Amino acid sequence: MSRSAPSSRGSVLIERARIIENHRVAPEQFRLLVESPRIATRAQPGTFVHVSCDEDGWFKRPMSLLDAQGDLLDILYKVVGRGTQHLSTRSAGTCLSIMGPIGKPFAPDPEAPWIIAIGGGTGIPPLIFLLERLFASGTRSRLAFFGGSELPFPLETQHRATPFIGIPEGVTQSLLRLDRLGIPAALASRSAIQGTYPGLVTDLFKSWLRLLPEPPTPGTQVFSCGPSAMMAAVQALARDMHFGGALCLEEYMACAIGGCAGCTVPVTGPDGIAMKRVCVDGPVFTIGTVLFDNR
Ligand SMILES: Cc1cc2nc3c(=O)[nH]c(=O)nc-3n(C[C@H](O)[C@H](O)[C@H](O)COP(=O)(O)OP(=O)(O)OC[C@H]3O[C@@H](n4cnc5c(N)ncnc54)[C@H](O)[C@@H]3O)c2cc1C
Ligand code: FES
């Protein structure tokens, strides 16, 4: 079981954050590094921030965190519309208004034999943050990462040095920052990116489960973030394998503080189906509870 984590509601701060870097790292994708000491201290993997894209701070967009170290928040974002386009034009040295950290963080079980992270596209950053924090905590769980993207990966990749038993030959690429910690990682893409699995990340994960000499035992936890179709597939696989874990939803949001009900999703609980707000009841929900078909 994934332990339930307290929401960070009640300690959400608004901070004027100086941009240290805001540059393109891959087609349509940017890295934003901002100085936001009070939010950075409180941020945990899975919580998110609401970032102003314009100067006066009204035009905000939700973003997950790739990292929060010292005074800095590290964000990877994809330009999809007016807000993120505007954000991509903001220069280093100028300031943004940031609200956060918002929502419930991931709460992995320290006794889990394996903790497996499966991320797609803009859902990859919070999972890297989770794995790096687990590694830094000296976790005894075995860690693994599966990432899928149709655009070039926004994080540096390299030929895998960390052994990853069960990964098909030819699927050689890893993420540099995980590989150097010894966390096995494998990547998938349908865009013919060399060294990646030529298909869906969930198919790569299924193939790994089949080829592993000793499959992960029940009690294993899967954490996932990315497109809804991917998370629905991850949830179904976790159910079949009796794995626990959680999904981190990146639903369209307006207020991000629980006031507008613009981000609700159907979730099953002990009392039946209820509509939950992704911003304050999530964005992290126990795997197996999100009803993707009823949306
Ligand atoms: C908790 C959370 C964490 C997020 N973390 C990240 C992150 O780390 N990096 C990142 O790049 N993006 C992330 N997103 C998504 C990001 O917030 C949206 O891409 C952004 O709000 C789009 O704003 P825009 O003004 O550029 O586009 P808009 O003009 O608002 O939208 C452009 C198009 O994208 C669609 N769209 C907008 N938001 C979403 C969404 N959330 N899901 C699906 N379709 C959407 C719209 O329907 C429209 O078709 C996150 C979202 C949430 C809720
Ligand atoms: S975005 Fe307004 S309630 Fe979640």
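The values are calculated or read from the model by the stated rules, or taken from the named source; none is laboratory data. This is a predicted model, so every value here is computed, not measured. Note that each Cβ is placed from the backbone with ideal geometry, even for glycine, and that neighbours are counted across all protein chains shown. Remember, those area values only see protein heavy atoms, side chains included, never the ligands or the DNA or RNA. Shrake-Rupley method; radii C 1.70, N 1.55, O 1.52, S 1.80 Å.
The label point for residue 165 and the one for residue 24, both projected 7 Å from the Cα toward the Cβ, are 4.4 nm apart. Solvent-accessible surface of the range 13-102, taken per residue with a 1.4 Å probe and all protein chains present: 43 Å². Bridgeable lysines around residue 60 (alpha carbons under 21 Å apart, same-chain partners fewer than 8 residues away excluded): 78, 104. Within the accessible area of the range 177-245, the carbon and sulfur atoms contribute 55%, probe 1.4 Å, all protein chains present.
Report the charge-dipole magnitude of the chain in Debye, nearest 20, computed about the Cα centre from +1 at each Lys and Arg Cβ and -1 at each Asp and Glu Cβ. Please report the intermediate quantities before stating the final value.
Details: 27 positive and 25 negative charges, 39 e Å.
Computed about the Cα centre, the dipole is about 180 debye.
Taking the chain as the reference, fit the longest principal axis to its C-alpha atoms, fit the long axis of helix 228-241 to the helix C-alpha atoms, and give the angle between the two in degrees, 0 to 90, nearest 10. Once rounded, the angle reads 40 degrees. Taking all protein chains into account, the per residue accessible area for the range 114-286 stands at 43 Å² (1.4 Å probe).
By definition, a body whose alpha carbon gyration tensor gives a ≥ b ≥ c is rounded when a/c is under 1.5, and the range 96-247 falls into this rounded group. Computed from Cα atoms, the angle from the helix 201-211 axis to the main principal axis of the chain rounds to 30 degrees. Of all DSSP beta bridges confined to the chain, the antiparallel ones make up roughly 65%.
Express in whole angstrom the spacing between the alpha-carbon centres of the range 122-153 and the range 253-291. Each part reduced to its Cα centre gives a spacing of 23 Å. Extending 7 Å from Cα along the Cβ direction at residue 55 and again at residue 109 yields two label points whose distance is 5.3 nm.
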